[in-house]
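In what follows, a single structure is set out as C-alpha cells and then discussed.
None of the figures in this text is laboratory data; all of them are computed from the coordinates on show. Please read these numbers as outputs of a predicted model, since none were measured by experiment. In this analysis, Cβ positions are derived from the backbone assuming ideal geometry, glycine residues included, and neighbour counts consider all displayed protein chains.
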Amino acid sequence: MAKPRERFDGNCNASDPWLTVLIETRDLRKDYTLGDSVVHALAGVSVSIDQGEFVAVMGPSGSGKSTFMNMVGCLDRPSGGTYLLAGEDVAGKTADELAAVRNERIGFVFQQFNLLPRTSAQENVELPLVYAGVPGPERHKRAAAKLVEVGLGSRAQHHPAQLSGGQQQRVAIARALVNDPALILADEPTGALDSRTSLEIMALLQALNRGGMTIIVVTHEQDIARYAGRLISFRDGRVKSDLRQTPRDAAADLAAYDGPAEAGGMAA
Ligand SMILES: Nc1ncnc2c1ncn2[C@@H]1O[C@H](COP(=O)(O)OP(=O)(O)O)[C@@H](O)[C@H]1O
Ligand SMILES: [Mg+2]
C-alpha cells in the first residue's frame, strides 16, 4: 500500500518535496483584437509539466509558441483559462505581482542573448540580483559562481563584444540561473549560433537539466528538439501533439562533431 503523505500544512509551494507538477495550464486562451477581428493566439491549451522536465516547443510561425512562453513566463496574462505555477494561480495577479514571480522563479534566455553591451559578464549576471535587492558582496559571489558553472570563470571581466556568440549565450544562461529559478525558459536559444556552438549550448542545458532544472526551449529546429525529453507541437494556438522521447546526448554529439568550430565571432 502506498505510504500516505507525511504531512500537509496547507503551504503548497515549490519547496514542498512531493510537489512534482511545476506548470499546469487548463484551457489557456489568449486573444488579440486587431480592428474588428480577433486572433486566437492560444485557443485552449492544457498542459502539465513536471519539475525536472526538459521540453521542446515546436510549431510553424504564428502557431502560438511565443504567446505560450509569454504566459508560462508570466510576461503577459491570459484571456481565459487557468495557469498554476508551482501550485500557485498566477493568472489573476497584478503586473507587479507577476514581476515578482518572474524574478523569483523564472530565468529567461533569448535568441539574441540580450546582454547589456558596455557591461562586464560579471555585472550582466548580477543584474537580476540588483533587482532582487541582494547586497553587493553576496551578489558578486553568486554571479561569479554561476559564471564558473557555465564555464566562463576566466571571462568575468569581458564585455559582450569581447566574447563569442556561444560565450555570450553562456553569460545569458548564468544570468538566468543566478536567482536559482524553478524554471528556465529559452526562446530559440541557439537561433543565432552555428551548429557546433548550438551543440555546446544544448550540452550545457542538458547538464543543468540533469541537475534538476526544469527547462522549456522553443525551437524550429528538429536537430535541437531531439535533445529534449518531451516535444510539444503547436498548431493554430492549440497543442497538436505532445510526445515523450529518448533525448540524444548533446555532450556525446559534441565530442563526435567534426564540423568547424565557432569562428570566435559574433553570430548575426
Ligand atoms: N501582440 C500581438 N497582437 C496581435 N496579434 C498577435 C500578437 N502577438 C501574436 N499575435 C498573433 O498571435 C498568433 C500567434 O503568435 P505567436 O505566439 O507569436 O506565434 P509563434 O511564436 O508560434 O510564431 C499569430 O497569429 C500572431 O500574429
Ligand atoms: Mg515566436
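Listed values, structure above:
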quantity	calculated
For MET202, MET213, order by how many other beta-carbon atoms lie within 10 Å, fewest first	MET213, MET202
Normalised per residue, the volume of the convex hull around the Cα set of the range 79-152 (Å³)	141 Å³
Residue exposure sequence - PHE108, PHE113 - by fewest surrounding Cβ within 10 Å	PHE108, PHE113
Reference-scaled alpha-carbon Rg (2.2 N^0.38 Å with N residues) for the range 50-207	1.06
Per-residue Cβ neighbour rank within 10 angstrom, fewest leading, TYR257, TYR83	TYR257, TYR83
Stokes-Einstein D (µm²/s) once Rh is taken as the Kirkwood radius of the range 124-218 over alpha-carbon pairs, at 37 °C in 0.692 mPa s	240 µm²/s
Part-to-part distance (alpha-carbon centres) for the range 140-209 and the range 221-238, which is given in Å	22 Å
